[in-house]
1. For segment B:102-163, with only Lys/Arg (+1) and Asp/Glu (-1) charged at the beta-carbon, what is the dipole magnitude about the Cα centre, in debye rounded to 20?
2. Grab the Cα-Cα distance for residue B:440 and residue B:308, subtract it from 0.36 nm times how many residues apart they are, and report the gain in nm with one decimal.
3. From the Cα gyration tensor of segment A:243-384, with a ≥ b ≥ c the square roots of its eigenvalues, which class applies: rounded if a/c is under 1.5, or else prolate if a/b is larger than b/c, or else oblate?
4. Just the number, please: carbon plus sulfur as a percent of the accessible area of segment A:243-384, 1.4 Å probe, no ligands or DNA/RNA counted.
5. Tell me the mean residue ellipticity at 222 nm calculated for chain B from its helices only (DSSP H runs of n ≥ 4, each -39500 (n - 2.57), averaged over every residue, nearest 500).
6. Residues of segment A:92-141 losing 40 Å² or more of accessible surface, assembly versus chain alone, probe 1.4 Å, please list them.
7. Probe of 1.4 angstrom, ligands and nucleic acids ignored: what's the accessible area per residue over segment B:173-287, in square angstrom?
8. Could you state the number of Å between the C-alpha centres of segment A:140-157 and segment A:205-233?
Amino acid sequence: MKQHAIHTGKILLLIILLILPTLSGCKDHHELDNLALVMATGIDMTDEGRIRISLQLFVPQTGQAQQSAGSTPIQNQSFVTTETGETITDAFNNITRRMSRRLFRGHNTVIVISTSVARDRLGEVLDYFQRMREIRQRTLLFVTDDKVSDILAAQSVLERNSSIALMKQERKHVNLETTIRDISLMKTRPNKPITIPCIKLTEDRTDPRKKVIDTVGSAIFSKEILNGRLNVRQTFGMLMMTGAFEDNIFSFSPRDEKGAISVDVQAVHVHVRPTIHQGQWILDVDLRGRGALVENSTHLDPMKNRDYAIIEESTGHFLSSVIHSGFHKSQKLNSDVYMTYQAFDRKYPAEFQKWEKHWPDIYRTIKLRIHPHIELIHSGAITD
Amino acid sequence: MSVWNFLRQWKGKSKKKTPEQLYLAPEASQMISGSLNKNKRILDQAYQDCADVIQRVIRFGEKGESGALLVYLEGTANVEEIDEHVIKSLQKSKKPVRSLEDMKQALSVTDAQKIKQFADVFKNVSDGKPVLFLDGVPSALILGLTKWATRSVEDTPTEPVIRGAKEGFVESLHVNISLIRRRIRTPKLKVKTLEVGDYSRTQVALTYMDGICDKKLIQEILDRVNRVSIDGVWDGGMIQEQIQDQRWSIFPQIQTTERPDTICAAMLEGRAALFFEGTPNVLIMPTTFFAFMQSPEDYYSGFIISTLLRILRTIFILIALLAPAFYIAVITFHQELIPTTLIMSVIQFREQVPFPAVVEAVGMEITFEGLREAGVRLPRQIGPAISIVGALVIGQAAIQASLVSPAMVIVVSITAIASFMIPHYDLSIAIRILRFPIMIIASMFGLLGVVLSVICIVIHLTSLRSFGIPYFEPFAPFRKKASLDSVVRAPLWVQKQNPQGAHGNRNQSVKGRGQKT
């Protein structure tokens, strides 16, 4: 019996020794109350050329504060802190040093880049975020002319903080969502065409104290350098060409008519037919889509076949003009955000490979011909 | 492994088999004598200090010249019938009673057997049968006039169903067997009896269907039960623990039930059942893991409903096992897995909680287990009180005192609900216990630990056998036909296409694989 006891003692010791190294797993463990959630990151530059980053942190409210908040208007639960540094990491570490908690960026939904940084240091910024393990590849990117910290500090009326508001409204309005992953893809294309939505802080029209974040179009980059902008309509045109368009209501005046019509354009499909004819690169685009007449202040009567056709035609005309204007702009900016190279690459792989290095020159000369076929599915006439 | 081997050896050495004579009085070896007085003396000696043994001398015949001695245990013999059919019959008898044959004729009792040894006298008196000695005859008559106190057949509180038979087994072996006989009316239903327990001599009945059940299985069960050495058996669990294939496993490899319909269905599937005198719990063997997740009701309500319910149970068994561990892992290691808006709320809840998530979770789970155990032990009148205390203490006060977060309370309650969804208590308790080590592992390794724990459990489950049948059948090894009645419940007509059903397969597999001893 005694022998057995020694035996078990040894075995127990062995088991304990074997289990001990597993405790090293506890090192990775972070309690929630030791984390500070970073909701958004803003990147800016000081006049001296130092990087300045702003972080929007989530401020938890304790149980009692929450209860009292029930009656008063909900305060945004965020706090913005700013710090400068030689690099982004340097600036970030300077913030970390002042914080009592570990900054956790797994829930960072939004990155706002100021135009000053975007103009020529975008590559640096993108490289940092692509490397960063903790930041998700699906984080949204924005460019702004305003002070980045002001955008982050803006109080959202409906959401808990401005970053969540930005995330939601971008999907709803412009449908141009550029994530870090998208950028990685865009960087593989000839001349590295990148589009990032542009936002602007504007005053609310009824309550000047409140600030609203507006999407004002998209910033166009080529070779990671900010070249110019597309306005909101042109951005829609671009999305139609790349297939990312969902739906939007466009208001415009048909030719030879007083007043305007509003058409809800949906289900847009684009079929691209590239041709190279005597050294001229031509792109024929069949634009198919459906439209629902939402509002009509013209004399056109959708119940009449003739007017019906006019509405359809003018809608198509309008859409092709939107696409055209954006396309010409992008040709000027020399950024193939319309992804025309794909169409040529598929049909003329040999030619394309020959000219790929000179794609900027070719892109400028591409002729775009749009053949719209918009079908009106709803006249909107109920009472007549 | 060496630890187990050592423990096994150590256990084997410590106990030696007790001789059968233990429960008999030393006088057992004697033969019954012709003299009533001598017999009475021996009985007096054996039943010294046994106040409940009644010995009554009956004088009968025309002048009271014949004498008889009646011995029985108070409370076990049917006194009214003794008065009516023994004493009155003897006294009224016109013919002279000179031999036991005469006496048999005189008595109006069906079950009367002749014995010659005192050993048999003691056995039968203990069994509740009165023994009648006749003066001048060196043998005695056993009368089958027992009447044990037993409760009537009632519904089963432990395995309730909405649809299906309500009656459950009682403590009497004979009543239980009769409940089975009433459902399966064929001589192919075999009942083998044996005795277990050195002192208790508990009656055990092994029932099975002849022709469906494998003969080897029956022999194996009998062998294993006969090898058990125990002083007394008060419930099947005491035997179950000792005859299971893998005695150190936390998972039950023998199923227990109180429902006659479950037993009948199991027997028609080729399983055997072990009944014990004095307990309503009947053992079914062999069994599989999935049998513990099935309710008899699954076969009574439609197959669509049953399939959905079984899938629901499967999901909830995973919740019962993993929910708190998953919570700990996600909260402390993988915060990026939680949706942003949810983590904002969870952070607010946890802001004032002073403990790490694992302490909070383990503490809450232990509290709940305590509450549940207290609920079982408490007298029925106080039962509701504990639930009020529990709800107030755990549910509200703990949150207000910032000892636990509301999210944790939700996790604990879902886990509790999930563990009660498992139809069989044996499995539900095993799952509940396994939850705790997984929680600790999750706090050390995060989701990696949770996944590894599940892998370990599945490896263990697939390595288990119940009387030679793989425990994780029909999935490991995969058997298509049997899998139709596992996590899903195929319509009965689909299952019936093969008249042998699942058991046909099972028999072959037992033969092919051989029995594990």
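The values are calculated or read from the model by the stated rules, or taken from the named source; none is laboratory data. Just so it is clear, the model here is predicted, and its values are computed rather than measured. Cβ atoms come from the backbone with ideal geometry, glycine included; neighbour counts cover every protein chain shown. For accessibility, only protein heavy atoms count, side chains too; no ligands or nucleic acids. Shrake-Rupley method; radii C 1.70, N 1.55, O 1.52, S 1.80 Å.
1. Numbers: 8 positive and 8 negative charges, 22 e Å.
Once rounded to the nearest 20, the dipole reads 100 debye.
2. Details: separation 132, 0.36 × 132 = 47.52 nm, distance 3.25 nm.
Full-extension gain reported as 44.3 nm.
3. Numbers: a/c = 2.90, a/b = 2.62, b/c = 1.11.
Verdict is prolate for segment A:243-384.
4. Details: 3830 of 7910 Å².
Accessible surface attributable to carbon and sulfur in segment A:243-384 totals 48 percent.
5. Details: 19 runs with 230 residues, N = 517.
Helix-only estimate at 222 nm: -14000 deg cm²/dmol.
6. Listed by number, the residues meeting the 40 Å² cut-off are A:104, A:107.
7. Numbers: 4370 Å² over 115 residues.
About 38 Å² of surface per residue is accessible.
8. Distance between centres, Cα-based: 11 Å.
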